[in-house]
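K.L.:
One structure coming up, written as structure tokens, with questions to follow.
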Amino acid sequence: MKRAILFILFSSLTNSAISQTNRINDFNTVGWYTYNGDHQLATRWKLHTEYQWRRIDFITRW
């Protein structure tokens, strides 16, 4: 009987600790495109390039 009461008490405490009722819904429309490249310049030389293009509102604003 004591185990059942302890189990119910413990499960009710963990349920309230895990639940997230005050979550903020944020609907981001961020676009982030990246380009990474390695280009052979000579036998022993390579050029590593990176470019990132980030915008908001589905790539319409900076």
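The values are calculated or read from the model by the stated rules, or taken from the named source; none is laboratory data. Just so it is clear, the model here is predicted, and its values are computed rather than measured. All Cβ positions, even for glycine, are placed from backbone atoms using ideal geometry, and neighbour counts span all protein chains on display. Protein only, heavy atoms only, side chains kept; ligands, DNA and RNA dropped before computing areas. Shrake-Rupley method; radii C 1.70, N 1.55, O 1.52, S 1.80 Å.
K.L.:
Going through segment 15-62 one residue at a time, which ones are of a type in the set (Gly, Ala, Ser), out of contact with any Phe, Trp or Tyr (no Cβ under 9 Å at 6 or more places or on another chain) and at pLDDT 75 or above?
P.N.:
If we filter segment 15-62 for residues that are of a type in the set (Gly, Ala, Ser), which is where we start, we get 16-17, 19, 31, 37, 42.
Adding the requirement that they be out of contact with any Phe, Trp or Tyr (no Cβ under 9 Å at 6 or more places or on another chain) leaves 16-17, 19, 42.
The answer is Ala42, and nothing else.
K.L.:
Still on this structure, I have one more. Give me the pairs: first residue in segment 23-43 and hydroxyl-bearing (Ser, Thr, Tyr), second residue open to solvent by 100 Å² or more (accessible area, probe 1.4 Å) and in a loop (DSSP other than H, G, I, E, B), beta-carbon distance under 6 Å, and six or more apart or on different chains, which are they?
P.N.:
Listed pairs, sorted by first residue: Thr29/Phe58.
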